[in-house]
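Quick notes on the structure that follows.
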Amino acid sequence: MGSQHDIEQALLGSWSLLEFRSQLQDGGEMFPMGKGARGIINYNPNGRMSVQLQPAVIKKVKETVNDLLAYTGRYSVETKSDGSVMVKHHLELCSWPEEDGSYQSRKVELFENQLVLSSPAPLNVEGIAQRIVLRWQKIE
């Protein structure tokens, strides 16, 4: 996939969400924000990032704004001993207050103009073990 520096450079810029899904341990999948979820993630050369995720809107008026996930903070890239690359987001300010100050680590995979960020191991989300996968398209 390239050196750590190459990957850091490839991450820079803005990315548009193509898909947000969860892979369940039983082999099934689900779409936590619906199949039409939208989002933008930005990686800046100064080590700062921001992300906004919005569920699929199927009504003209959303019932709650709490469905939106937005956070900003610092990020770092690390190559693991097995050769996998991880990006670590430090959530300095988050729309979900309980996540303020936390960290999220995601495995990085780059394919031409696409970026896949996934949880390195299954997470327990609302009692369901699942691996989070977000697929992004580079915005030119």
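Every read-out reported here was derived from the displayed coordinates using simple, explicitly stated rules and does not represent laboratory data. All figures in this text were calculated on a predicted structure; none of them were measured in a lab. Ideal geometry is used to build each Cβ from the backbone, glycine not excepted, and the neighbour counts take in all protein chains shown.
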Between Glu140 and Met86, what FRET efficiency comes out of the Förster formula 1/(1 + (r/R0)^6) with R0 = 30 Å and r the beta carbon distance, rounded to 0.05? 0.70
Residues of the range 115-140 with amide N under 17 Å of the 7 Å Cα→Cβ point at Met30: 119, 122-134
Between Leu68 and Glu99, with labels modelled 7 Å along Cα→Cβ, what's the label distance in nm to one decimal, could you check? 1.4 nm
Only helices counted: for the chain, with every DSSP H run of 4 or more residues adding -39500 (n - 2.57) and the sum spread over all residues, [θ] at 222 nm is -1500 deg cm²/dmol
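Please compute the contact order of the chain in relative form: average sequence separation of alpha-carbon pairs under 8 Å and at least six residues apart, divided by the residue count, as a percent.
Across the chain, relative contact order equals 24 percent.
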Based on other C-beta atoms within 10 Å, arrange Thr72, Thr79 from fewest to most. Thr79, Thr72
